[in-house]
């Protein structure tokens, strides 16, 4: 990836992965997405990859609706 100008700090980019459903193989989905990012030259040594808790919860089926808590 291009070197960012010195006046920029931390930059966070989201990766589109499609819909995460209960039972989704999240590890494979993340791996496949990161392979594409790497092929496009956007992944560098030292980059930090984060997965949000909500995505993990969705793949595990840990979903609560408003109806469940009301």
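Which option, (i) 1.13; (ii) 1.44; (iii) 1.22, is the value of Cα Rg over 2.2 N^0.38 Å that was calculated from these coordinates?
(ii)
So what is the 222 nm mean residue ellipticity for the chain from helices alone, if each DSSP H run of at least 4 adds -39500 (n - 2.57) and you divide by all residues, rounding to the nearest 500 deg cm²/dmol? Intermediate values should be presented prior to the final figure.
Values: 3 runs with 26 residues, N = 70.
One gets -10500 deg cm²/dmol as the mean residue ellipticity at 222 nm.
What is the helix-to-structure angle for 26-39, meaning the angle in degrees between its Cα long axis and the longest Cα principal axis of the chain, kept from 0 to 90 and rounded to the nearest 10?
It works out to around 20 degrees.
A short reminder: the numbers here are calculations on the coordinates, not readings from a lab. These numbers come from a predicted model, not from an experiment.
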